[in-house]
1. Using θ = phi - 60° and the Karplus form 6.51 cos²θ - 1.76 cosθ + 1.60, what ³J(HN,Hα) does each residue of the stretch 35-51 get, whole Hz, x for Gly and Pro?
2. Name the long-range amide H neighbours of Glu180: under 5 Å, sequence gap of 5 or more, or other chain; modelled H, no Pro or chain starts.
3. Which is the longest part of the chain that has none of the GluC sites (Glu not before Pro) sitting in a DSSP loop with at most 14 other Cβ atoms within 10 Å?
4. Could you list which residues have their amide H under 5 Å from that of Ala144, counting only those 5 or more apart in sequence or on another chain, with H placed in the peptide plane?
5. Residues with amide H under 5 Å of Gly17's amide H, sequence separation 5 or more or different chain, H placed in the peptide plane at 1.01 Å from N; which?
6. Determine the share of the stretch 1-83's accessible area contributed by carbon and sulfur atoms, expressed in whole percent, with a 1.4 angstrom probe.
7. Just for the Cα atoms in the stretch 221-265, what are the lengths along the principal axes, largest first, rounded to whole Å?
8. Just the accessible area per residue of the chain, please: how many Å² with a 1.4 Å probe?
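The values are calculated or read from the model by the stated rules, or taken from the named source; none is laboratory data. The structure presented is a predicted model; accordingly, all values stated were derived computationally and were not measured. No Cβ is skipped: glycine too gets one built from the backbone with ideal geometry, and neighbour counts run over all protein chains shown. The area values use the complete protein model at the heavy-atom level, side chains included, leaving out ligands, DNA and RNA. Shrake-Rupley method; radii C 1.70, N 1.55, O 1.52, S 1.80 Å.
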Amino acid sequence: MEQRHLGRTGLRVSRIGLGTLTWGRDTDEHDAAGLLKAFWEAGGTLVDTADVYGDGEAEYLLGQLIEGLVPRRDLVISTKAGSVPDPDRRVDGSRGHLLAALDASLARLGTDYVDVWHIHAYDPDTPLEETLQALDLAVSSGRARYAGVSNFCGWQLAKAATWQLAAPGVRTRLSSTQVEYSLLQRGVEREVLPAALDLGIGLLPSSPLGRGVLTGKYRHATPADSRGASEHMAPFVAPYLDDTASRIVDAVQTAADGLAVTPLQVALAWIRDRPGVAAPIVGARNAQQLTAALSVETLSLPDEICRALDDVSVPVHRYPDHDWSTL
């Protein structure tokens with residue numbers, strides 16, 4: 001699998017990443033082992049997790065598989081901290097919480113360091129410089145090699161990255177930002193993507209297949225074994241089952257038919273090759289699904305197909321995102 005630099009850093013990652021959102025909940029140890037082995041054998045390196053995935057079970061499962069199945073040195077492990085299961089405070093970006101969460105993640109993963117450590121979300125109740133200091137301490141102590149953020153909007157990303165570049169002292173440059181991005185969710189193109197491109201921050205798109213909808217599996221009905229039929233995942237899929245999404249999914253299917261490939265391959269190739277994207281994070285339920293996703297490695301979409309998909313899915317961006325003189 002082709003390797004790409006993560007933003008403006010020397011770290012290289014596989015251009016498809018393996019997500020572990022369902023590990024320890026819907027994905028058991030057997031399936032997780034099959035996923036990791038298939039990913040590694042295909043040349044994949046970037047594995048993404050978080051301290052709250054499966055209430056910590058995702059990290060624990062990954063830790064159990066490292067060395068016994070796949071050498072630690074062959075993986076680029078990314079994890080996140082800051083999201084908390086508290087209805088009154090969904091995000092805790094305090095320095096104390098973040099550093100304690102990192103220590104707990106390392107214990108579950110059974111490793112001395114993570115390659116990339118992300119702040120899971122912006123915390124409006126904690127000074128941003130305090131949150132960012134946790135990144136600096138994690139990197140300076142060797143517990144993390146690189147640092148990034150997740151689910152930051154454009155001004156939050158720009159403020160955080162600029163602080164790290166301009167504040168006095170030894171600061172850790174942001175390497176990446178993880179955000180939802182797909183043909184069904186192009187909101188990041190409004191401000192996040194321009195900021196990331198300007199600041200040299202690599203994009204790690206989550207849900208690159210539109211929460212599974214872009215595979216075409218929901219075109220006519222909701223399969224009984226799909227996430228859309230799952231009690232705890234159905235609300236996650238539901239927003240992308242409207243008429244607007246249906247038109248985009250139909251266009252993806254048409255492109256796939258014309259290229260003699262699958263809708264999954266078309267949607268994943270489109271997002272993989274967008275400007276600024278380092279690696280889409282794919283969350284598969286089993287090795288068969290992952291193998292189907294990894295088969296996109298040899299596919300590059302023709303320019304006319306990309307333009308058609310751009311047109312059918314284009315978000316409305318007007319003032320002040322476009323030059324006001326053209327409006």
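1. 5, 5, 5, 5, 5, 5, 5, 8, x, x, 10, 7, 10, 10, 9, 7, 5
2. Ser206
3. On the way: sites that count: Glu2, Glu67, Glu231.
Within the chain, the longest run free of exposed GluC sites (Glu not before Pro) spans 68-230.
4. Val114, Val139
5. Ile281, Val282
6. Values: 1390 of 3140 Å².
Here carbon and sulfur together make up 44 percent of the probe-accessible area.
7. Principal extents (Cα only, largest first): 36, 22, 15 Å.
8. Values: 14450 Å² over 327 residues.
That works out to 44 Å² for each residue.
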